[in-house]
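Okay, structure first, notes after.
The values are calculated or read from the model by the stated rules, or taken from the named source; none is laboratory data. Nothing here was measured: the structure is a model prediction, and the numbers come from that model. Here the Cβ positions follow ideal geometry from the backbone for every residue, glycine too, while neighbour counts run over all protein chains shown. For the accessible areas, the whole protein counts, side chains as well, though only heavy atoms, and no ligand, DNA or RNA atoms are used. Shrake-Rupley method; radii C 1.70, N 1.55, O 1.52, S 1.80 Å.
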Amino acid sequence: MKKQIKFSLVYRDMWQSSGKYQPRKDQLERVAPLIVEMGCFARVETNGGAFEQVNLLYGENPNKAVRAFTKCFNEAGIQTHMLDRGLNGLRMYPVPADVRKLMYVVKKAQGVDITRIFCGLNDVRNIIPSIEYANQAGMIPQATLCITFSPVHTVEYYSDMADKLIEAGAKEICLKDMAGIGRPGMLGRLTKNIKDKHPEIIIQYHGHNGPGLSMASILEVCNNGADIIDVAMEPLSWGKVHPDVISVQAMLKDEGFDVPEINMKAYMKARALTQEFIDDFLGFFMDPSNKITSSLLLSCGLPGGMMGSMMADLKGVHSGINMILKSKGEAELSIDDLLVMLFDEVEYIWPKLGYPPLVTPFSQYVKNIALMNLMSMVKGEGRWTMIDNHAWNMILGKDGRLPGKLDDEIIQLAKDKGYEFTDVNPQDNYPNQLDEYIKEMEEKGWDRGEDDEELFELAMHDRQYRDYMSGVAKKRFEDELADAKDKDMVKMGFSIEDVKNLKRAKAEPITSPASGRLIWEVDVVAQSMPPQIGQQFNPNDTFAYITTLWNTFDKIEANFKGRIIEVCANQGDVVQKGDVLAYIERD
């Protein structure tokens with residue numbers, strides 16, 4: 001029998017590659033024991049990257065979600081790992097060094113064992129400090145090679161990068177094939193190169209299924225010395241996501257590798273529970289095309305993890321592009337037409353931009369430039385008219401060195417705008433900021449949290465954290481979810497009025513007992529707001545207040561237990577006696 005191959009379930013990346021949102025804390029807690037019960041996973045990806053930011057976007061504390069999800073695996077002896085964007089930490093743009101250092105202290109305390117550190121440009125200057133910080137905090141630093149396919153991304157290029165990262169203290173190497181376009185033969189040769197020179201180093205392969213090469217790639221890396229394979233499970237495997245653990249296990253077992261058995265009863269329970277999460281709310285934000293494997297991805301190289309957001313972007317500009325075409329008397333485009341045009345444009349501009357590996361955030365920058373080029377060309381203008389500041393930072397070298405040479409056209413464009421190129425250490429461009437965030441928390445009376453985790457969250461995602469603390473994030477999400485549900489019903493043939501009536505038929509109206517001005521709440525710290533869709537009320541809870549013309553402040557009680565399904569009046573509106581203020585569905 002050949003060597004042992006272990007499996008890692010990338011549970012949260014499955015969701016990232018499928019749609020906009022992630023499971024809630026309570027959902028993660030429910031599925032974790034079933035993942036353990038499956039008995040085939042040595043590791044589980046629990047947090048990091050965009051996952052924690054998404055928690056904030058729907059009004060949930062990501063620190064509590066991480067602690068809850070890791071707890072079960074820690075107790076079962078399953079290693080946990082996170083996605084770490086190096087210079088960018090857990091966000092899309094660079095992070096000061098003091099915030100980066102704090103991240104590893106916080107994540108270790110929250111139960112995360114391994115940090116998968118990558119730089120979207122493969123610039124080791126952005127990865128090496130994180131290796132040092134992780135080692136100091138007691139985490140296992142897994143340095144990452146972002147795999148892509150271009151004339152500059154050769155076996156020699158990646159092998160040299162791995163040597164530098166291992167010399168800097170990396171205990172493991174991840175081959176992060178984020179778009180699944182790494183050619184199997186090349187990946188096998190690269191794995192062998194690293195293992196021959198560094199036999200003690202663990203190699204973990206992460207390959208998205210997008211263009212359909214991933215199973216062949218898994219077989220090649222395993223036959224050349226890989227130790228751990230990232231896998232997914234139904235109902236979110238395949239498509240733009242990852243191969244399913246069942247298929248990977250069967251293939252490697254037949255090849256003679258020592259692989260763990262799968263408890264299929266537990267697999268089916270976890271599968272059903274994951275489907276329940278999709279049916280609950282997550283499915284409203286998933287694009288069906290992300291379930292489809294497409295060879296078109298080979299040419300553009302865009303990663304599976306950004307397909308959800310990319311399809312949303314395309315739908316956002318689709319009508320605008322067709323409006324322009326219609327005004328010019330030209331044929332309108334379907335979403336598929338636009339998708340192929342976008343892929344072609346990415347393929348065209350990528351070499352001109354120096355072949356940045358198409359991984360977060362640089363995949364987004366390249367995609368955004370391509371999308372803006374399409375908009376510009378549809379209007380009859382040239383390329384490169386709309387490049388945002390983040391993309392310019394990439395081009396100018398502020399985020400690190402590009403792997404390839406910039407096209408002369410791009411260099412001239414930068415000179416025409418008066419921009420200067422730089423090759424200084426990227427971290428030098430972003431001074432420490434923790435003291436500013438500590439001061440903000442003290443002024444607002446916010447608790448820094450266990451192990452300074454709330455301080456870290458503010459410093460890492462300041463705007464989203466403030467929205468979370470104020471309640472704006474949860475309100476925005478509940479409105480978005482309600483709108484998505486309504487649109488889904490409209491697709492089924494109901495009118496907008498039908499949808500309203502159907503929802504109201506299951507609910508009780510709460511009416512105003514008097515005429516006056518409606519006050520939903522009195523918040524002296526943040527903006528006073530109406531209740532959120534889905535907010536729970538108990539019989540004796542205060543529902544709202546009415547300030548009457550004779551200067552009374554009348555309290556309205558909920559009178560029964562239920563949840564808000566519709567709010568019919570805004571904070572400060574003048575209402576008449578008997579007006580419906582909201583509808584509550586009884587529990």
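Over the range 94-207, one equal point on each Cα, no solvent: what is log10 I(q)/I(0) by the Debye formula at q = 0.09, 0.22 Å⁻¹? For the range 94-207, the Cα-only Debye profile gives -0.23, -1.21. One decimal place: the segment residue 538-residue 76 gains 162.5 nm when fully extended, by the rule 0.36 nm per residue minus the C-alpha distance.
Would you mind getting me the FRET efficiency between residue 528 and residue 462? Use the beta-carbon distance for r and R0 = 22 Å, nearest 0.05.
Working: r = 23 Å, r/R0 = 1.05.
Calculated value: 0.45.
Each Lys and Arg Cβ is given +1 and each Asp and Glu Cβ -1; about its Cα centre, the chain then shows a dipole of about 660 debye. Ignoring lysines fewer than eight residues from residue 555 along the same chain, the ones with Cα atoms less than 28 angstrom from its Cα are 474, 475, 500, 503, 506, 577. One chain, two ends: residue 296 and residue 570. Fully extended at 0.36 nm per residue, the span grows by 93.8 nm beyond their Cα-Cα distance. Once both labels are positioned 7 Å from their Cα atoms along Cα-to-Cβ, the gap between residue 586 and residue 98 label points is 5.7 nm. Once the convex hull of all Cα atoms in the range 460-536 is built, its volume per residue stands at 137 Å³. Assuming charge only on the beta carbon of Lys and Arg (+1) and of Asp and Glu (-1), the dipole of the range 67-129 about its Cα centre is about 120 debye to the nearest 20.
A Förster distance of 30 Å, applied to the separation of the beta-carbon atoms of residue 408 and residue 183, puts the FRET efficiency at 0.55. Think of a 1.4 Å ball rolled over the protein heavy atoms: the range 279-391 then has 41 Å² of accessible area per residue.
Counting alpha carbon pairs within less than 8 Å and at least 6 residues apart, what relative contact order, in whole percent, applies to the range 487-553?
Contact order relative to length: 31 percent.
Computed from the Kirkwood radius of its Cα pairs, the Stokes-Einstein diffusion coefficient for the range 265-376 at 20 °C and 1.002 mPa s stands at 135 µm²/s. Full extension of the segment from residue 433 to residue 263, taken as 0.36 nm per residue of separation minus the current Cα-Cα distance, would add 56.4 nm.
Share of pairwise Cα-Cα distances greater than 19 Å in the range 214-337 is 62 percent (whole percent).
Cβ-Cβ distance of residue 376 and residue 472, R₀ of 35 Å, FRET efficiency by 1/(1 + (r/R0)^6): the value works out to about 0.55. Computed packing ranks the peptides 241-247, 160-166 as 241-247, 160-166, most packed first, by mean other Cβ atoms within 10 Å.
Diffusion coefficient (Stokes-Einstein, Kirkwood radius over C-alpha pairs, 20 °C, 1.002 mPa s) for the range 39-92: 180 µm²/s, rounded to a whole number. Based on every Cα atom in the range 1-114, Rg and the maximum pairwise Cα distance Dmax equal 14.4, 50 Å.
Once you list every other residue whose beta carbon is under 12 Å from the beta carbon of residue 225, what net charge do they have if Lys and Arg are +1 and Asp and Glu are -1?
Net charge in that neighbourhood comes out at +2.
Relative contact order of the range 77-160, taken over Cα pairs closer than 8 Å and 6 or more residues apart, is 30 percent.
For the chain, the Stokes-Einstein estimate of translational diffusion at 37 °C and a viscosity of 0.692 mPa s comes to 127 µm²/s, using the Kirkwood hydrodynamic radius over alpha-carbon pairs. Here the relative contact order of the chain, from alpha carbon pairs under 8 Å that lie six or more residues apart, stands at 15 percent. Counting only residues at least eight positions apart within a chain, or on another chain, the lysines with an alpha carbon under 20 Å from that of residue 439 are 101. Note on the range 527-587: with charges restricted to the Cβ of Lys and Arg (+1) and Asp and Glu (-1), its dipole about the Cα centre is near 80 debye. In the structure shown, the pairs 25/291; 367/405; 195/367 are assessed against 28 Å; a Cα-Cα span above that value is assigned to 195/367.
Here the label points at residue 417 and residue 324, each 7 Å from Cα along the C-beta direction, are separated by 1.8 nm in the simple model. Using a probe of 1.4 angstrom and keeping all protein chains present, the accessible surface of the range 417-505 works out to 60 square angstrom per residue.
For the chain, which longest stretch is free of loop sites, where a loop site is one of the GluC sites (Glu not before Pro) that DSSP puts outside H, G, I, E and B and that has at most 16 other Cβ atoms within 10 Å? Excluding the exposed sites themselves, the longest stretch runs over 1-199. Dipole orientation for the chain: of the candidates 434, 323, 516, 323 has the Cα lying most toward the positive pole (charges on Cβ; Lys, Arg +1; Asp, Glu -1).
In straight Cα distance, which lysines are under 20 Å from residue 192, not counting same-chain residues fewer than 8 positions off? Cα-Cα hits under 20 Å: 2, 3, 6, 164, 171, 176. The label point for residue 335 and the one for residue 26, both projected 7 Å from the Cα toward the Cβ, are 3.1 nm apart. Qualifying trypsin sites (Lys or Arg not before Pro) in the range 497-587, where qualification requires a DSSP coil assignment and no more than 16 other C-beta atoms within 10 Å, comprise 506, 561, 577.
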